[in-house]
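Below you'll find the structure, written out as structure tokens, and then a few comments.
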Amino acid sequence: KKYNMWLQYQPVTDSKVKEQYQLLLDQVCVIGDGIQLQAAKEELLVAVPQMLDKKFNVSNDPYNSRFVIGNKIKLAQHLDESKQAKLADKNEEAFLLSSDEKQLIITGNSDVAVLYGVHHLLRLMQLHADITQLDIVEQPKNQFRMLNQWDNFDGSIERGYSGRSIFYQNNQFAEDKTRIKDYARFLSSVGINAISINNVNVWEEETYFITKKYLPEIQEIASIFRTYGIKLYLSINFASPVTLGDLDTADPLDQNVQNWWKEKTKEIYEYIPDFGGFVVKADSENRPGPFTYNRDHADGSNMLAEALEPFQGKVIWRCFVYNHLQDWRDRSTDRARAAYDHFKPLDGRFHENVILQVKNGPMDFQVREPVSPLIGAMPNTNQMIEFQVAQEYTGQQIDLCYLIPQWKEVLAFDTHIKGEGTTIEEIVAGNIHHNKYSGVAAVSNIGDDENWTGNTLAQANLYGYGRLTWNPALTSEEIAKEWIRQTFGTNQEVLDTIEDMLLNAWEIYENYTAPLGVGWMVTPGVHYGPNIDGYEYSKWGTYHFADRDGIGVDRTKETGTGYTEQYQEPHQSIYNDLDKVPDELLLFFHHVPYKYTLKSGKTVIQHIYDTHYKGYEQVEGLIEQWNGLSNDIDRERFENVKNRLERQLENAKEWRDQINTYFYRKSGIPDQHGRTIY
Ligand code: GCW
């Protein structure tokens, strides 16, 4: 149970449903022998006997099989014109499920599409849906649906909260690759199609990943992911030619450097012919980059792009670039501005196979930030948005925080960059600027913990990330429901309770942590738990500016950093205007007195007190809800979540009391309701 995340394939108990499934799924005829089709077959052979409690065979006789799978070319003679037509205008990853009482066909525009189709069927079956009247055509809305592993070769994971790496142990590749294969299965079941397998901070030994020393092992991992339609990428060290001892410069305009990367790339493709390309964190938080040589991000990424181009490889260049050595006395530098200021002027200069990966939010992955103004702001440049499934700033998989509602809100944001309707969702889907490549990337949250994600309920974020990037029209509720049923079965009370817990979790977390969009206030380094001034006089550019009179960061154009001007109208005016800015982002954009009245009618200080008392109580409520399920969930998973919730309550208490006490001491304004402040 614990190892299988949402691919539990529990026996179908409803006899009517079971009968229907048994009738159609007697055997499967697989037409074609591509590797992804084999993976689809293998998955069916695991799932169907388990769910239907019967033997399930493979046949090669389509005329005597009720269940047939294969890509549309292999299946051509079994597909009537209308079915062919349904797939005709769809992309390579599109699948079709078609059935009646007597036959079920799964086909698609490629083998991997068929694999996606099979997973769709298995999902429907886990949800106990009727599968005798299917007429489903689906294609992913986003082209890139990527995960970034922040795994280090020593087995640690940067911002990992689920144990150690499943890829590496003690500077060696994991000998047992079972979990890598299972991970690939999980990812393909929700449509992920790209993965980078090492930390964007590429340390000394990891720099050797692109050499003969390690390429044979990476080749093996690439082939596991290939079977599931997932392309493998590597994070690279921009200074590789120097670090590996071959050259004394990494200047992107130096001919020797260019040739070095061309040779290197050629070598990689000899091992991995469909290698995805490089993910690059350059000139960011001490990582090397083109700035050393007075070159810019376009020079740096284009040099790599030229090396990758002959092989259709991509450069995924991160835009998380800012001054991390800021002087806190300097009030003009604003970290929120940095990505836009660095990259916007370079629009149009990037090669066709460079994709900029833009972190959201503009500061970092805080519980509440405005949407990054850089996304969509470079019409002539490929872009992807970057989320963090790992809960670095949102409870570290101890505290519950279902992130799908947050991502939905970001995707729904209408930038107005090309007029009304220019939402982030349409931009990253490639429908606004029509660049060659676009999509979504995110930092993964898995490790070698038995349940993969530390907190079992944090699996919902990984599941939801995949489902949402495939189909952003799915609601947070739908995704939660799907995940719970597949993971915990069909008990209605379990379903309702966990759904409610998930859907409220983000708001609850926001309530007891940093208020009104101001962000941070976390323990430096580890980023868990409160430390209100932890970063206040630091070099990281993450300030709240609280004094005895007020709090918040002035980012207006008149008196602040002018960050608001990076947005299109109407957002520019809305964010700039104290009367218009939404409450939840007030302190991100404005410095206000504690007695400033919010649109909610409360003062800022009273809002702080109220939300913090409330947040703590809400966590008590979560515990109560969970405890109500003690007889409906197996011991192990029940205890896992119970234990995490108890730790969350401790955390919420610490946040509540430190925040309330801090602001009471700063402001001298008492809580209207006279609750305990220390
Ligand atoms: O928020 C910061 C994290 C770093 C991370 C960095 C990044 C991989 O604290 O751990 O480094 O973001 O996104 O590069």
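The values are calculated or read from the model by the stated rules, or taken from the named source; none is laboratory data. All values derive from a computational prediction rather than experimental measurement. Virtual Cβ from ideal backbone geometry, glycine too; neighbours counted across all protein chains shown. With ligands, DNA and RNA removed, areas are computed over all heavy atoms of the protein, side chains included. Shrake-Rupley method; radii C 1.70, N 1.55, O 1.52, S 1.80 Å.
With respect to Ala129, determine if the residue is assigned to a loop (DSSP other than H, G, I, E, B), more than 16 Å from the ligand (Cβ to nearest atom) and either modelled with pLDDT of 95 or more or of a type in the set (Phe, Trp, Tyr) (or both).
Yes.
Is there a residue in segment 385-401 that is crowded, with 22+ Cβ neighbours inside 10 Å, within 25 Å of Ile180 (Cα to Cα) and away from the ligand (no atom under 16 Å from the Cβ)?
No, segment 385-401 contains no residue that is crowded, with 22+ Cβ neighbours inside 10 Å, within 25 Å of Ile180 (Cα to Cα) and away from the ligand (no atom under 16 Å from the Cβ).
Quick check on this structure: which one of Asn193, Asn198, Asn148 is closer than 20 Å to Ala40 by Cα, at pLDDT 95 or above and crowded, with 23+ Cβ neighbours inside 10 Å?
Asn193
Does segment 274-289 contain at least one residue that is surrounded by fewer than 24 Cβ atoms within 10 Å (Cβ to Cβ), away from the ligand (no atom under 16 Å from the Cβ) and without any contact (Cβ under 8 Å) to a residue 24 or more places away in the chain?
Among the residues of segment 274-289, not one is surrounded by fewer than 24 Cβ atoms within 10 Å (Cβ to Cβ), away from the ligand (no atom under 16 Å from the Cβ) and without any contact (Cβ under 8 Å) to a residue 24 or more places away in the chain, which makes the answer no.
If a residue counts only when it is within 30 Å of Val518 (Cβ to Cβ), which helices (runs of 4 or more DSSP H) contained entirely in segment 229-339 have at least 1 such residues?
Fully inside segment 229-339 and qualifying: 297-308.
So which residues in segment 558-594 are within 19 Å of Thr542 (Cα to Cα) and open to solvent by 40 Å² or more (accessible area, probe 1.4 Å)?
Thr559, Glu584, His591
Kindly provide the set of residues from segment 320-348 that are of a type in the set (Val, Ile, Thr) and within 14 Å of the ligand (Cβ to nearest atom), ordered by number.
Val321
Wholly within segment 1-98, which helices (runs of 4 or more DSSP H) include no fewer than the required count, namely at least 1 residues that are within 23 Å of Asp182 (Cα to Cα)?
35-52
I'd like the full set of residues that are touching a helix residue (DSSP H, G or I) at 6+ places or on another chain (Cβ under 8 Å) and either charged (D, E, K, R) or without any contact (Cβ under 8 Å) to a residue 60 or more places away in the chain (or both), limited to segment 599-623.
Those that are touching a helix residue (DSSP H, G or I) at 6+ places or on another chain (Cβ under 8 Å) and either charged (D, E, K, R) or without any contact (Cβ under 8 Å) to a residue 60 or more places away in the chain (or both): Lys599, Ser600, Lys602, Lys614, Glu620, Ile623.
Taking Glu426 as the residue in question, decide whether it is of a type in the set (Asp, Glu), open to solvent by 10 Å² or more (accessible area, probe 1.4 Å), within 16 Å of the ligand (Cβ to nearest atom) and within 18 Å of the chain's Cα centre (by Cα).
no
Filter segment 610-650 for residues that are open to solvent by less than 10 Å² (accessible area, probe 1.4 Å) and either acidic (Asp, Glu) or out of contact with any Lys or Arg (no Cβ under 7 Å at 6 or more places or on another chain) (or both) and give the result.
Answer for segment 610-650, where residues must be open to solvent by less than 10 Å² (accessible area, probe 1.4 Å) and either acidic (Asp, Glu) or out of contact with any Lys or Arg (no Cβ under 7 Å at 6 or more places or on another chain) (or both): Val619, Leu622, Leu629, Phe638, Val641, Leu645, Gln648.
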